[in-house]
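The values are calculated or read from the model by the stated rules, or taken from the named source; none is laboratory data. For clarity, every value in this text was computed on a predicted model and none was experimentally measured. All Cβ positions, glycine included, derive from the backbone under ideal geometry; neighbour counts span all protein chains shown. Just so you know, the surface numbers come from the protein's heavy atoms only, side chains and all, with ligands and any DNA or RNA stripped out. Shrake-Rupley method; radii C 1.70, N 1.55, O 1.52, S 1.80 Å.
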Amino acid sequence: MSTVTAPLHVMNNYARWPISLVKGKGNQVWDDQGKAYLDFTSGIAVTSLGHVPPKVTAKLHEQLDTLWHCSNLVHIPQQQILAEKLSRLSGLDQAFFCNSGAEANEGLIKLARRYAQKVKGEDRYEVITFAQSFHGRTLATLTATGQDKVKDGFLPLPAGFVTVPYNDLAAVQSAINDKTCAIMLELVQGEGGVHPAEEAWVKSLRDLCDEHGLLLLVDEIQTGIGRTGTWFAFQQYGVKPDAISLAKGLGSGFPIGAVVATKEVAEAFSPGTHGTTFGGNPLAATAGIATLATMEEEQILDQVAHIHQVLTQELEKLKAEHPDKIVTVRGKGLLLGVELTIPAGDIVTYAREKGVIFLTAGPQVLRLLPSFVTTDEEVKQAMAVFGEALEQA
Ligand SMILES: *Cc1c(COP(=O)(O)O)cnc(C)c1O
């Protein structure tokens with residue numbers, strides 16, 4: 001194991017693992033001591049095509065020699081191409097580009113407020129969100145987040161958010177009032193324990209939104225761009241949201257976020273109402289275009305379905321062998337959570353020392369986020385180490 005001392009001049013706001021990663025290729029990463037690891041987290045659902053994916057790398061190299069940045073005072077052709085692709089894949093109409101997930105959700109919340117207040121002329125601003133959700137670390141998005149730990153010490157929080165239990169229709173119905181403008185949710189709660197939404201409940205949310213004139217906002221930052229087996233998770237629920245947020249998997253690791261909305265809602269962002277300096281610059285938009293193009297050319301969604309099948313089979317075997325330690329396996333596509341009766345952090349530590357990187361989603365859930373180019377052998381390697389860790393625990 002590499003020895004890493006606490007850095008003197010980097011803020012200590014992350015509980016970092018005691019390793020330093022310096023190189024990556026495909027599903028492997030290497031630390032500064034030359035030790036190789038199989039990355040079963042994709043850098044938290046980001047490097048879905050593996051590390052340094054060749055086609056995206058080639059396009060970025062080309063763009064590096066052409067134009068990096070030019071500001072949103074001008075048209076950016078790469079943004080138009082990426083927006084057209086996202087529109088075609090989602091069935092929504094228009095995109096706004098930014099730099100992170102939290103910034104995408106800020107845009108989503110601002111869009112919903114402005115649509116209600118300026119376009120519809122109604123005095124509405126309240127957003128209904130859900131317990132155990134995660135929407136980011138800015139003041140508005142941590143307020144939207146249904147977990148107290150992200151709010152500690154950051155009072156006062158902005159007004160206009162109400163949090164109710166997930167998969168509970170009556171709770172949503174009773175939270176709707178004449179100030180409500182939107183319902184905002186993840187369809188598989190990622191950080192909050194890998195909890196999928198029930199299909200009938202999501203359909204009812206769509207109906208409630210239509211009935212009360214509210215927007216249905218889906219946070220697809222972790223679930224989007226193929227992670228759950230379809231381009232967007234909402235496509236498995238038979239509903240169409242009014243707007244979605246994207247980030248993690250969109251740029252293969254190059255920072256980019258997006259809000260994608262119906263034309264009617266998107267028009268609430270008239271010129272001068274919202275913006276960001278770096279959003280969708282030529283480099284970031286190129287990373288997005290190349291990521292989506294690679295996924296289409298290589299029929300990556302079929303790969304996601306295949307790896308899901310191999311992985312869930314292995315997990316069911318482990319569950320049968322360790323019924324006292326594995327409670328259940330949840331999730332969709334390659335966003336899976338294994339609920340344990342033991343601390344998930346211990347499994348993560350054991351596996352990392354054995355050269356496999358896993359992640360938790362809460363104290364007793366192991367979160368698996370392998371890349372979409374993971375081989376059957378790599379799945380078996382990771383599950384063998386998980387099995388050993390369960391033996392040891
Ligand atoms: C990661 C995540 C965010 C926040 O994204 P950042 O890029 O870290 O700001 C928001 N929502 C969901 C569902 C996420 O998984």
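In summary, SER174 fulfils each of the numbered conditions (1) out of contact with any helix residue (DSSP H, G or I) (no Cβ under 6 Å at 6 or more places or on another chain); (2) hydroxyl-bearing (Ser, Thr, Tyr); (3) more than 16 Å from the ligand (Cβ to nearest atom); (4) touching a residue at least 24 places away in the same chain (Cβ under 8 Å) with the single exception of condition (4).
The set of residues in region 114-139 being open to solvent by 20 Å² or more (accessible area, probe 1.4 Å), within 16 Å of the ligand (Cβ to nearest atom) and farther than 17 Å from GLY192 by Cα consists of THR138, LEU139. Checking GLN147, GLN173, GLN80 one by one, the residue that is within 22 Å of ASP210 (Cβ to Cβ) and surrounded by fewer than 21 Cβ atoms within 10 Å (Cβ to Cβ) is GLN173 and no other.
Anything in region 298-339 that is small (Gly, Ala, Ser), open to solvent by 30 Å² or more (accessible area, probe 1.4 Å) and within 13 Å of ARG227 (Cα to Cα)? List them, or say none.
First, the residues of region 298-339 that are small (Gly, Ala, Ser): 305, 320, 331, 333, 337.
From the residues that got through so far, the ones that are open to solvent by 30 Å² or more (accessible area, probe 1.4 Å) too are 305, 320.
Listed by number, the list holds a single entry, ALA305.
Being without any contact (Cβ under 8 Å) to a residue 40 or more places away in the chain and in a loop (DSSP other than H, G, I, E, B) is a property that does not hold for VAL218.
For region 83-95, state whether one or more residues are among the polar types (S, T, N, Q), within 16 Å of the ligand (Cβ to nearest atom) and open to solvent by 20 Å² or more (accessible area, probe 1.4 Å). Checked region 83-95: no residue is among the polar types (S, T, N, Q), within 16 Å of the ligand (Cβ to nearest atom) and open to solvent by 20 Å² or more (accessible area, probe 1.4 Å).
What strands (runs of 3 or more DSSP E) completely inside region 297-376 contain at least 3 residues that are β-branched (Val, Ile, Thr)?
Details: elements: 326-332, 335-340, 365-368.
Hits in region 297-376: 326-332.
Test GLU191 against the stated conditions and say whether it is open to solvent by 20 Å² or more (accessible area, probe 1.4 Å) and closer than 14 Å to ALA233 by Cβ. Judged against the criteria, GLU191 is not a match.
So, in region 231-258, of the ones that are closer than 23 Å to LEU369 by Cβ and part of a strand (DSSP E or B), which residue ends up most open to solvent (accessible area, probe 1.4 Å)?
Top of the filtered list is PHE254.
The C-beta contact set for region 232-244 (first residue within 14 Å of VAL188 (Cβ to Cβ), second residue of a type in the set (S, T, N, Q) and part of a loop (DSSP other than H, G, I, E, B), distance under 8 angstrom, 6+ apart or interchain) comprises PHE232/THR223; ALA233/THR223; GLN236/THR228; GLN236/THR230. Within region 282-290, is even one residue closer than 27 Å to THR328 by Cβ and open to solvent by less than 20 Å² (accessible area, probe 1.4 Å)? No, that holds for no residue.
Do the conditions hold for GLU191, that is, is it touching a Phe, Trp or Tyr at 6+ places or on another chain (Cβ under 7 Å), closer than 17 Å to HIS135 by Cβ, within 16 Å of the ligand (Cβ to nearest atom) and not hydrophobic (A, V, I, L, M, F, W, C)? Spelling it out, GLU191 is indeed touching a Phe, Trp or Tyr at 6+ places or on another chain (Cβ under 7 Å), closer than 17 Å to HIS135 by Cβ, within 16 Å of the ligand (Cβ to nearest atom) and not hydrophobic (A, V, I, L, M, F, W, C).
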